[in-house]
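This report refers to the structure that appears directly beneath it.
Laboratory data are not the source of any read-out in this text; all were calculated from the coordinates shown. Given the structure is predicted, the values throughout are model-derived calculations rather than measurements. Here the Cβ positions follow ideal geometry from the backbone for every residue, glycine too, while neighbour counts run over all protein chains shown.
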Amino acid sequence: MLRDVFRDTAIYGVASLLVRGISLLLLPFYTRVLSPSDYGLVDLASIFITLVLLTVALEISQGVARLFHEAPDHDGQVALASTAMWFSIGAYALFVLVAFPLAPYVADIAFESRERADLARIVIVSAATNGLFYLFLNQLRWRLQAKAYAVGSVTFALTSIAATVLLVLVAGLGVTGVVLGQLVGAVMGGLVCFVVSRDLYRFRFDRQKLRDMLLFSLPLVPSSIGVFVTLYIDRIAIKELMTIADVGLFGIGYRVASVVSLLVVAVQMAVTPLVYARYREPEAPAQLARVFRYFVGIALVLTVGLALFAREILVVVSTPEYYAGAAVVPLLTPALLLSAMYVFAPGLGIAKRSATQALITLAGAGLNTVLNFLMIPAWGIVGAAAATLTSAALVFAAYMAVSQRLYFVPHSWMRLAVAALAATLVCVLGTALPLPTGPAIVLKAVLTLATLGVVVRLGLIDSNDLREGLRRLRERRRTA
């Protein structure tokens, strides 16, 4: 399993790098054509779309993920994939029919003005389109087709970005152009993914398969809502307690922190299907522990780098009205990592304890909501980031504690804790010292490299593996 995890992680990582890298490169474009208030509206539209993706189709894709490798033959896999597709098409079609006439009310709730009803209608259609795209895209994960997944992801990214630039810059559609661009990307990416896996899709609907999938996925809907609240209640609370412009500032800081998603998404995409396929192998727990050590080691270095250089990054990619968003990056970066690290606690999924997953995530969502409404009035957007980090840490701890009882993985907790403490101290030191720009940049670079040294010294990343990786890179350069 270990070799396959690293291989698929590399493939997913390249796709994630292209997709999110291109999106990050667009930050200078967005911050120059959109005001913080407009950027806040884009964030609120993304929140609405995400909520639809997590609820309308009842997380049936997760049911496919759990049962796909247990199907006795290709015909059984066809029954699962086809049933999930037709169920999702029906669910999203019904959602559009119901939500479209209610667009003024959706606009009033989501965007604080009924005059934005046209934007709400486009968001509603975009949400349904994105839902089908992600169904087809994730099916490639369940088939362990990492390269095809990468192609679908990059197609979505390139077409949505190209359409967005044309619609915003040429047509002058602003926020509406951004949402329409994502809709176009979802259509093109979905078509590519559908064609790649067309052997799985038929005019076939199996009620028993649907029942089996929903038995697993339905309890995940409240769990997913809990994850949604944990991830997005900060912006919702900021909108209610502050302004949409503050949502935009928080959002730009979130985008910088989301650089860590290049690592998170790659590992997440690779680990989940492989764990479900191979968890019975005797060596699987030890290999998963090793992958987790590497993940934490790399994540800590990325966290320190982003935390220390947050303002410098915003100076490069944005305008002065966005610089205040740098304050949330040191808190949001580890929060994003922790919120995705449940993949290293697979016991609940393996044991099909989705109800327990729901309970944990809903408890975390409730805590995050309370903390946001308590901390934002005192500390503004920094309070929102602190609340998100606190709840993400506690949810991960609960996931891991329960998972270890169901599927034990031999993690090296002492080494991991020492490394995390060292990274925290480095972040505090690097951001607290009042130095001129030049010396400050040098110090931050030294502290980031020192964090890498600590990680290697503690054995989270094997120095022999690093040397071997460098040797292979040199050999490839010589043979290129």
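If N is the number of residues in the chain, what value comes out of its Cα radius of gyration divided by 2.2 N^0.38 Å? Each step should come with its number before you reach the end.
Details: Rg = 22.1 Å, N = 480, 2.2 N^0.38 = 23.0 Å.
It is 0.96.
Starting from the Cα of Ala289, step 7 Å along the direction of its Cβ; do the same at Ala71; then give the gap between the two resulting points in nm.
Output for this residue pair reads 3.5 nm.
What's the exposure ranking of Met414, Met213, Met242, going from fewest to most Cβ atoms within 10 Å?
With the fewest neighbours first, Met414, Met213, Met242 line up as Met414, Met242, Met213.
For Lys352, give me every one of the lysines with a C-alpha distance below 22 angstrom, ignoring sequence neighbours fewer than eight places off in its own chain.
Candidates past the 8-residue exclusion: Lys209.
Taking the Cα centre as origin and putting +1 on Lys and Arg beta-carbons and -1 on Asp and Glu beta-carbons, what dipole magnitude results for the chain, to the nearest 20 debye?
On the way: 38 positive and 26 negative charges, 271 e Å.
Taking the Cα centre of the chain as origin, the dipole is about 1300 debye.
Using the alpha-carbon centroid of each, what span in Å lies between region 166-244 and region 404-450?
34 Å
Across every pair of different alpha-carbon atoms, what Kirkwood hydrodynamic radius in Å does region 243-480 reach? Intermediate values should be presented prior to the final figure.
On the way: mean 1/r = 0.0516 Å⁻¹.
Computed over Cα pairs of region 243-480, the Kirkwood hydrodynamic radius comes out at 19.4 Å.
Normalising by the residue count of the chain, find the relative contact order in percent from Cα pairs under 8 Å and 6+ residues apart.
On the way: 700 pairs, mean separation 99.9, N = 480.
So the answer I get is 21 percent.
Kindly point out which whole DSSP H helices in the chain project their C-alpha atoms 18 angstrom or further along the helix axis while averaging a Kyte-Doolittle hydropathy of 1.0 or above. List each step's numbers first, then the result.
On the way: long enough: 2-25 (32 Å, 0.92); 36-55 (29 Å, 1.39); 74-99 (37 Å, 1.20); 117-142 (38 Å, 0.85); 146-165 (28 Å, 1.26); 175-196 (32 Å, 2.17); 220-241 (30 Å, 1.16); 244-257 (20 Å, 1.22); 261-278 (25 Å, 1.52); 284-308 (36 Å, 1.52); 354-406 (40 Å, 1.24); 413-432 (28 Å, 1.79); 437-457 (30 Å, 1.58); 463-479 (24 Å, -2.12).
TM-like helix candidates: 36-55, 74-99, 146-165, 175-196, 220-241, 244-257, 261-278, 284-308, 354-406, 413-432, 437-457.
Can you sort Ser37, Ser197, Ser126 so the residue with the fewest Cβ neighbours within 10 Å comes first?
Values: Ser37 14, Ser197 19, Ser126 25.
Least crowded to most crowded, the residues run Ser37, Ser197, Ser126.
Could you point to the residue in Tyr149, Met85, Ala387 farthest towards the positive end of the chain's charge dipole, with +1 and -1 charges on the Cβ of Lys/Arg and Asp/Glu respectively?
Farthest along the dipole direction, towards plus: Tyr149.
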